[in-house]
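A.B. asks: Have a look at the structure that comes next, please.
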Amino acid sequence: PVIMEEDLGWYANAVSALSRDGCADFQLGHFSQQLLFAGEKGRQDFRLYANYTCNLINSMALRALSRMGFVGVQFSLETDQENLSKAMSRWQGSAQSTRAGTVQCAIGIYVFGRPALFTSRLDDRRYQYSRRFASPRGESFILEQREEMTQARSVLPFSLLEWRKELESLGPA
């Protein structure tokens, strides 16, 4: 979800190397990362997907990324059932009247895992990585450091599996 300015060259080189090896499907943490693929001359067959960190929360955001060429996106974790239902209804209605040049993309939703509660560049010698801590509500988290980023993740996985059928009826794949 976060790429620092000094790391852009590394990511551009990684895209080139993976492209030369035949990779065409990439999941991005922010829509601006699409620009990493613009320099790949002669390659038009990339299939780009946006993950939940893009925070797509309404049908306008879905349309915008579709028009940018994304072939699949994950709806925001911050939504509720009512908002998801309204957004999907409008999204599906707009699919009927799509303008030329707009790619229809698949809509998904994150249903199971340990997504980061937050991601930060902050680091402090007092941080106790890999140890549990509790929120004021008694929820257990672990502070992790990966790739120079600090992330807090729940000990218990996030799960919408119990509501999978309801979610599927709303439209996300």
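A.B. asks: Checking Ile107 against (1) within 16 Å of the chain's Cα centre (by Cα); (2) over 20 Å from Glu78 (Cβ atoms); (3) of a type outside the set (Gly, Ala, Ser), only one condition comes out false. Which one?
C.D. replies: For Ile107, the failing item is (2).
A.B. asks: Could you pull out the residue among Ser89, Ser59, Ser16 that is of a type in the set (Gly, Ala, Ser) and open to solvent by 70 Å² or more (accessible area, probe 1.4 Å)?
C.D. replies: Among Ser89, Ser59, Ser16, only Ser89 is of a type in the set (Gly, Ala, Ser) and open to solvent by 70 Å² or more (accessible area, probe 1.4 Å).
A.B. asks: Here are some residues: Tyr11, Tyr49. Which one is surrounded by fewer than 17 Cβ atoms within 10 Å (Cβ to Cβ) and of a type in the set (Phe, Trp, Tyr)?
C.D. replies: It is Tyr11.
A.B. asks: Against the definition (in contact with a His (Cβ under 8 Å, 6 or more places away or on another chain), at pLDDT below 95 and open to solvent by less than 50 Å² (accessible area, probe 1.4 Å)), how does Thr79 come out, yes or no? Quick ask: steps written out before the conclusion?
C.D. replies: Numbers: in contact with a His (Cβ under 8 Å, 6 or more places away or on another chain): no; at pLDDT below 95: yes; open to solvent by less than 50 Å² (accessible area, probe 1.4 Å): yes.
No.
A.B. asks: Taking segment 109-119 on its own, how many of its residues are exposed (fewer than 12 other Cβ atoms within 10 Å of the Cβ) and polar (S, T, N, Q)?
C.D. replies: Number satisfying all stated conditions: 0.
The values are calculated or read from the model by the stated rules, or taken from the named source; none is laboratory data. Fair warning: this is a prediction, and the values are worked out from it, not measured in the lab. Glycine also receives a Cβ, built like all others from the backbone with ideal geometry; neighbour counts cover every protein chain displayed. Remember, those area values only see protein heavy atoms, side chains included, never the ligands or the DNA or RNA. Shrake-Rupley method; radii C 1.70, N 1.55, O 1.52, S 1.80 Å.
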